[in-house]
4 protein chains.
Amino acid sequence: MSAQRLKIGCAGLGRMGKRHALNFLERTPRAELVAASSPDPVELEWARAHLEPFGVRLYQNYDDMLKQEGMVAVVIASATAVHAEQAIKAIAADKHVLCEKPLSTNAEVSQSVVDAAAKKPHLKVMCGFSRRFDISYRDAFAKMQAGQVGTASVFRSQTCDKLDPSGFFVAYAEFSGGIFVDCSIHDIDLALWFFGANSRVKSISAVGNTAVEPDLRKYNDRDNAVGLVEFWDGRIAFLYASRMMAAGQEDVTEIIGTKGKLAINTQPAMNHVNVYDAGGIHREIPQTYYDRFEYAFVTEANEFSASCLDNTPLPLDLKSAVQAVQIAATLQESMITQKKIFFDEGGDRTELACL
Amino acid sequence: MSAQRLKIGCAGLGRMGKRHALNFLERTPRAELVAASSPDPVELEWARAHLEPFGVRLYQNYDDMLKQEGMVAVVIASATAVHAEQAIKAIAADKHVLCEKPLSTNAEVSQSVVDAAAKKPHLKVMCGFSRRFDISYRDAFAKMQAGQVGTASVFRSQTCDKLDPSGFFVAYAEFSGGIFVDCSIHDIDLALWFFGANSRVKSISAVGNTAVEPDLRKYNDRDNAVGLVEFWDGRIAFLYASRMMAAGQEDVTEIIGTKGKLAINTQPAMNHVNVYDAGGIHREIPQTYYDRFEYAFVTEANEFSASCLDNTPLPLDLKSAVQAVQIAATLQESMITQKKIFFDEGGDRTELACL
Amino acid sequence: MSAQRLKIGCAGLGRMGKRHALNFLERTPRAELVAASSPDPVELEWARAHLEPFGVRLYQNYDDMLKQEGMVAVVIASATAVHAEQAIKAIAADKHVLCEKPLSTNAEVSQSVVDAAAKKPHLKVMCGFSRRFDISYRDAFAKMQAGQVGTASVFRSQTCDKLDPSGFFVAYAEFSGGIFVDCSIHDIDLALWFFGANSRVKSISAVGNTAVEPDLRKYNDRDNAVGLVEFWDGRIAFLYASRMMAAGQEDVTEIIGTKGKLAINTQPAMNHVNVYDAGGIHREIPQTYYDRFEYAFVTEANEFSASCLDNTPLPLDLKSAVQAVQIAATLQESMITQKKIFFDEGGDRTELACL
Amino acid sequence: MSAQRLKIGCAGLGRMGKRHALNFLERTPRAELVAASSPDPVELEWARAHLEPFGVRLYQNYDDMLKQEGMVAVVIASATAVHAEQAIKAIAADKHVLCEKPLSTNAEVSQSVVDAAAKKPHLKVMCGFSRRFDISYRDAFAKMQAGQVGTASVFRSQTCDKLDPSGFFVAYAEFSGGIFVDCSIHDIDLALWFFGANSRVKSISAVGNTAVEPDLRKYNDRDNAVGLVEFWDGRIAFLYASRMMAAGQEDVTEIIGTKGKLAINTQPAMNHVNVYDAGGIHREIPQTYYDRFEYAFVTEANEFSASCLDNTPLPLDLKSAVQAVQIAATLQESMITQKKIFFDEGGDRTELACL
């Protein structure tokens, strides 16, 4: 370890942007947050109070920030719609990039980021799939690699958010790409991690409903969705996403192998407290995705910084982020069109459904 | 309660037959096991040691047993292939019938039992879906009925057997109707219970693989199977069945409602013991379906007896057993043909898949 | 197994008496409940409805019941105050005896039952420590015997009742012998089982309080009590008893060995249901001792019957019941006098405390 | 929040010293580690690699470090034997002090630190009872304060370490003050927190054994110890400490109130992974105290820094640290002498034991 620190700027200071900014400011010893940008005056106001006193330079304009002397990396935590554009600009400006997931809600646009990065192999460009940095998922992956469950054959995973009674997620659905692209993309990324990035999809089918928020249909979205992904080597992933959990965030994964099963978070808990009272035994669970994965984001910031400073391989490959978007978008399509969608071994769609 | 007891005969003395016979002999105070039949000399040998000393009359031939004086009911625990035939004969002989699930692997044959029963409304004819008698499922159902989880909207359920390394299940697959008919039928029955027997299927899709036993393909079967059932009111059931669990029997159900979730057996345990040792904390889980549901079978025997003796309604309706077979067989078909299968609101198949 | 059945009578038809009577009537295939006695007209009224129709003869007077032709055993479930007297009379009448715990709240009186039984070695005389028949305790014991935790060295156990807001337990305390004799006796019996009946006590100390029911002090009792029992071989048992649990019955035991720990019921649950709602995850726990140990009582009835019929050794030794009472009464004394009490290796009290 | 940072030095660079140094260096945004001292050349070697490159000045001599310009606080993580001396010197040098527990193994020496601090009320002097900073304990405390369990009446707590097969703890026992002072002091501090610092002890009794390491007796220590602490208001604390856990660190606390119970860590787990295999369901647990409480130490560093910078009250009172040592040392004495020890309401010992 050297005393050199990664000078990084943060694009976007919304909910996730603030977290990334503070993580790079306070919890990433080998990084130094030197800049932050947001077009939003309210967000900049927050930054003047919480970032500027610690030497962080603020920008209204992302392009201006990119020109800041000495800054060598950016973390992109802006709206999904501009992820790809900002990433490509940063690459052009010769910056390392940590981009929030997804690169884009569209697979082709996502691919354009990969293409841009491919031309600058000296840069570290990573899509931040936070669960890959969570100690539980890593422990499970290590145990699978060590052969503890034999051959992983079936993968069940869910990303289920606590119901937001404000209904904010309806407006959000207009640009999110839909529940599979917004939520299940984490599960899909995990499936590609545990099954291997070379896994080729054979078929996709999905159903959804609107149990609490019929207005989601305006944007071709649903509040509960279940998807089946079948791979050419016979492996199966089945995914559940929901926006109406009552108790909190419920992100659960099971990897079922020929000799055992790895279960991650099948007994969710916010902390180590159980309350015994006249109603029985109670415990609380994390309320948000960040409650559950806070330390994974910290680890992500630290490992990204180390990769950039030490020029070591990134912990996850950018290409798999494109594949994840592709699968997510196809699940969304299958749910909306009601069609089962097939792919040949080369990855092209086939019309088997109509035989 | 009166001191009168239900005189009952047991058809079939295989694995489940022995259990039913002993339950009616020893753990059903209001019943009296008076007869048992099996064409198998080994099974009869067992019966001579364990049933005959307690006054149970033994038969090689089912039809002969039906003629036994005073016997007013039969429990049918023979091979699935003869369930329907034996049930219909018993009804013809004016006996109450408790038939092991499924009535048949075929929906039409199953319907013929319902039709026969419909003509003798004074008889009690029940298909033994054991989980309906389990205290945990009943507690969950009561809580749902009491409104604790709002409107049940998504149903996840699995019936997963411990791997039998003898591979017996391959031979068994020839006649079982397949993994959805053999295993998932329990989950389907539960879905119809929790969602209501009037739920009409809109679409069915399924995938499967053979992770441990490729030979299952000979009989159009799989060792892991995942199915999606969409209902016309928007509710969704997704089901997982497996024959390769390493730890034991894992039968889990979740009912996800608009205001909460009911989780049944998401933390399986054989008993109340945890072992702490150098490897961490360990517990064992039930090894077989009967380990898990033993007392549900006892309750089933007791409640069936009470219904017959007191002429009170049976705890579950025979018609729903036909619907369960129909859904199970369609899931099996979808898995094998790879097609998504659609139904109109009247219950007829449509060809939407080919649009 | 033969078809012969143990003809047994039940003394006492209070809360536990009813349960024992019904267990022998309905859930003990090798036994036949032939008689029952109670001096209480209300209890006899219940028996006329629930036992008499099944051929059980009823008595107001225990002595009369003992004379019933053909009856070869009695289960004594009357008030603790008459346990010993009834047991001795039954032995005198040459009956096998299953006596509810404790034999007496007094060690000398308890010993008199042992002495009476010793003179009739052909009789089976057992004190019903129900937990010895619980599958979890048995599983833990087998695991300890198999060496899974090394040498058992520390024993923690608790018997904690749900608060009865009627305050009934205050009146009850007058005759119960106190919280250690009434509740902790189960834990003491378990300690003697797991540590071995030859364990000799070296010191005893205890404290208690009256957190909810100060009136218990009238009868030298407490509603919370903690006791330490040190054995001459260095092993330690520490016990907690309470009458004010909010959630239900919490009976927990841990056996801590040199190579591991066995934990019994550290995660109590009434069944397999968890409810997820806005308050988090909830589950219910057993409300009463019988809720938790119902099937242990059934097993007890069955195994006692088998021992009598087959003349095989009883599953637990009568002498240890005396030792348990002795330890319990000394804990109670220590709690009330505030003194630590010492014993020499021969089992006699010493005055080491005053050195 | 201001951009000013607390310039702090770290005394001692052993196992805990390294952790404190790194926490103040990397995970305490409002602090700046400016100095570190150790008499041990190996520890200084480590510091040259891990601290010096980040601007931390190193000292062989604690007194020299105290003179460093600009340093305003010290964290004392040296051997327990010098805690008090170093704390008093730091106070004399007008530094804020965060001292690892215990202040001393001796209550009088501990009191001398309190006395020194009392003369400099502008300084922040805190004893680092890490569990007070753990989110689970804090959540439990908040729930108790909110009345969720009524009046807390019984307190059960344990600090149980994984067996160190090297037997290091035998040598360590010579100076640790014994198992109650070294381990149970955490539980005692928690009891004083949950019951209130004004709780006055009425009686203390304890027993111990040497199940795995008889050599501990040379230093009047034991490897398993159970203690009872009775307070004058009737509350009871019972404590268990062990050095022979097989599975890992097991630190459990229960607060039993008149309306409910708070249970902390009764279901220990290292992370969210459960492995299902042929042996059942397994999970790992933290292996060391630091594994379990790592983030509590980080919070401690951050909150201590904030108190010093903002001149706000410390989260815990120094006086209670003396009381904790006093109770711990009395438990140790009771265990060794076998005597129950009594105190009057003024806190003086009485000779009730000899009545």
Working out 0.36 nm times the residue gap between D:His122 and D:Thr312, then minus their Cα-Cα distance, what length gain in nm do you get to one decimal?
67.4 nm
The stretch B:6-128 - share of DSSP beta bridges that are antiparallel (%, nearest 5):
0 percent
Label point distance in nm, C:Ala79-B:Arg15, each placed 7 Å from Cα along Cα→Cβ
5.4 nm
Shielding of A:36-47 by partners, i.e. mean partner chain Cβ atoms within 10 Å per residue?
0
Please work out the average accessible area per residue across the protein assembly as shown, using the 1.4 Å probe convention, and give it in Å².
36 Å²
In degrees rounded to 10, the 0-90 angle between helix B:135-145 Cα long axis and the longest Cα principal axis of chain B is 60 degrees
If you build the Cα gyration tensor of chain D and take the root of 5 times each eigenvalue, what three semi-axes come out, in whole angstrom, biggest first?
32, 25, 22
Expressed as a whole number of Å, what is the distance separating the alpha-carbon centroids of the stretch C:306-355 and the stretch B:266-332?
43 Å
Just the number, please: Stokes-Einstein D of the stretch C:6-128 in µm²/s, Kirkwood Rh from C-alpha pairs, 25 °C, 0.890 mPa s.
174 µm²/s
Cβ-derived FRET efficiency at R0 25 Å, D:Thr288 paired with D:Ala142, nearest 0.05
0.40
If one takes the accessible area of chain C alone plus chain D alone and subtracts that of the pair, with a 1.4 Å probe, what total in Å², rounded to the nearest 100, results?
3500 Å²
Residue-level accessible surface for A:Asp164, protein heavy atoms, 1.4 Å, Å²:
50 Å²
Please list A:His186, B:His282 from largest to smallest accessible area, probe radius 1.4 Å, with all protein chains kept in place.
B:His282, A:His186
Residue-averaged 222 nm ellipticity for chain D, from DSSP H runs of 4+ at -39500 (n - 2.57), nearest 500:
-11000 deg cm²/dmol
Which distances, in nm and shortest first, link the B:Pro121 label point to the same label point in every other copy, taking 7 Å along Cα→Cβ?
7.0, 8.2, 9.0
11 Å beta-carbon shell around C:Met16, net charge (K/R +1, D/E -1):
+3
Distance (nanometres) between label positions extended 7 Å along Cα→Cβ at D:Asn61 and C:Ala197
7.2 nm
If I take the Cα coordinates of the protein assembly as shown and project them onto the principal axes, what are the three extents in Å, biggest first?
101, 96, 47
Accessible-area loss of at least 10 Å² (1.4 Å probe, chain alone to full protein assembly) applies in the stretch D:320-349 to D:Gln338, D:Lys339, D:Lys340, D:Phe342
Which residue fluctuates most in the GNM of chain D (Cα springs below 10 Å): D:Asn265, D:Asn274, D:Asn209?
D:Asn274
Per Stokes-Einstein, at 25 °C and 0.890 mPa s, what whole-number D in µm² s⁻¹ belongs to the stretch D:149-253, with the Kirkwood radius over Cα pairs as the hydrodynamic radius?
172 µm²/s
About the Cα centre, and with charges only on the beta carbon of Lys, Arg (+1) and Asp, Glu (-1), how big is the dipole of chain D? Nearest 20 debye, please.
660 debye
Environment charge at D:Ser104 (Cβ cut-off 15 Å; Lys +1, Arg +1, Asp -1, Glu -1)
-3
Relative contact order (%) - chain C, alpha-carbon pairs under 8 angstrom, separation at least six
19 percent
Considering only protein heavy atoms and a probe of 1.4 Å, how much of the accessible area of chain D is carbon and sulfur, as a whole percent?
51 percent
Nm distances between copies for C:Ala81, ranked from closest, using label points 7 Å along Cα→Cβ
6.5, 7.0, 8.4
Quick check: pseudo-label points 7 Å beyond the Cα along Cα→Cβ at A:Arg349 and D:Arg349, how many nm apart are they?
8.6 nm
In whole percent, what relative contact order does the stretch A:64-148 give with Cα contacts below 8 Å and a gap of six or more residues?
26 percent
For a Förster distance of 25 Å, can you work out the FRET efficiency between the beta-carbons of B:Asp215 and A:Thr151, rounded to the nearest 0.05?
0.90
Summing +1 per Lys or Arg and -1 per Asp or Glu among the other residues with Cβ less than 11 Å from C:Asp310's Cβ gives +1
How crowded by other chains is D:27-34, given as the mean number of beta carbons from other chains within 10 Å of each beta carbon?
1
Only Cα pairs under 8 Å and at least 6 apart count here; give the relative contact order of the stretch B:6-128 as a rounded whole percent.
24 percent
Of B:Pro121, B:Ser78, B:Ile88, farthest towards positive along the dipole that unit charges on Lys, Arg, Asp, Glu beta carbons give the stretch B:74-145:
B:Pro121
Counting other chain Cβ atoms within 10 Å of each Cβ in D:198-206 and taking the mean gives 2
Going Cα to Cα from B:Lys119, which lysines come in below 26 Å? Please leave out same-chain ones fewer than 8 positions away.
B:Lys7, B:Lys67, B:Lys89, B:Lys95, B:Lys101, B:Lys319
Just want the answer: with Cβ charges of +1 for Lys and Arg and -1 for Asp and Glu, which residue in D:Leu98, D:Ala49, D:Thr28 is farthest toward the dipole's positive end in the stretch D:6-128?
D:Thr28
On a 0 to 90° scale, report how tilted helix D:289-310 is relative to the longest principal axis of chain D, with both axes built from alpha carbons and the result rounded to the nearest 10.
50 degrees
In whole Å and largest first, what semi-axes does the C-alpha gyration tensor of the stretch D:112-206 yield when each eigenvalue is scaled by 5 and square-rooted?
26, 22, 15
For chain D, take the longest principal axis of its alpha carbons; what is the angle in degrees between that and the long axis of helix D:185-195, to the nearest 10 within 0 to 90?
70 degrees
With the full set of protein chains present, the residues of the stretch D:126-171 whose 1.4 Å probe accessible area falls by 20 Å² or more relative to the chain alone are D:Ile135, D:Ser136, D:Asp139, D:Lys143, D:Gln148, D:Ser153, D:Val154, D:Arg156
Nm distances between the label at D:Asn61 and the same-position labels in the remaining copies, 7 Å along Cα→Cβ, shortest first?
6.0, 10.0, 11.1
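The values are calculated or read from the model by the stated rules, or taken from the named source; none is laboratory data. Computed from a prediction, not measured in an experiment: that's the story for all the values here. Ideal geometry is used to build each Cβ from the backbone, glycine not excepted, and the neighbour counts take in all protein chains shown. Quick note on the areas: whole protein, heavy atoms, side chains included, nothing else; ligands and nucleic acids left out. Shrake-Rupley method; radii C 1.70, N 1.55, O 1.52, S 1.80 Å.
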